[in-house]
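Heads up: the structure comes next, in structure tokens.
The values are calculated or read from the model by the stated rules, or taken from the named source; none is laboratory data. In this text, all values refer to a predicted model and were calculated from it rather than measured experimentally. Cβ placement follows ideal geometry from the backbone for every residue including glycine, while neighbour counts extend to all protein chains displayed. Note: accessible area is taken over every heavy atom of the protein model, side chains too, but ligands, DNA and RNA are not part of it. Shrake-Rupley method; radii C 1.70, N 1.55, O 1.52, S 1.80 Å.
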Amino acid sequence: MEGMPRTPESDRIQFAVIAIETAAKKMGVSTAELTQRLEAQGLIEGRLIQFYDTLHTQSPDYVADDIIETLYNWENGV
């Protein structure tokens, strides 16, 4: 995105992409599959974007572990 102005929205989107890529790699699934599962649970907007201010201060591994745990809990009704 060279030459594109940085905005709060673009920062959030880039953060979500990195989190999803990292989590997918840890889970051994494609980013498309993980994105679909996260969207089905409302976790992209409801977790990664909504809590960006807190989560973006953590390491990519921490955020990936958090989103994986949250996904498993939400899919299993915990």
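Figures for the structure shown
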{"quantity": "Where residue 58 falls short, out of the listed (1) in a helix (DSSP H, G or I); (2) open to solvent by 60 Å² or more (accessible area, probe 1.4 Å)", "calculated": "(1)"}
{"quantity": "Residue 66 vs. criteria open to solvent by less than 40 Å² (accessible area, probe 1.4 Å), at pLDDT below 95 and not basic (Lys, Arg)", "calculated": "no"}
{"quantity": "Neighbours by Cβ (under 9 Å, 6+ apart or cross-chain): first from region 40-59, on the phi < 0 side of the Ramachandran plot; second polar (S, T, N, Q) and modelled with pLDDT of 95 or more", "calculated": "41/70; 43/70; 44/35; 47/41; 47/70"}
{"quantity": "Total residues in region 17-36, condition buried (at least 18 other Cβ atoms within 10 Å of the Cβ), in contact with an Asp or Glu (Cβ under 8 Å, 6 or more places away or on another chain) and not small (Gly, Ala, Ser)", "calculated": "1"}
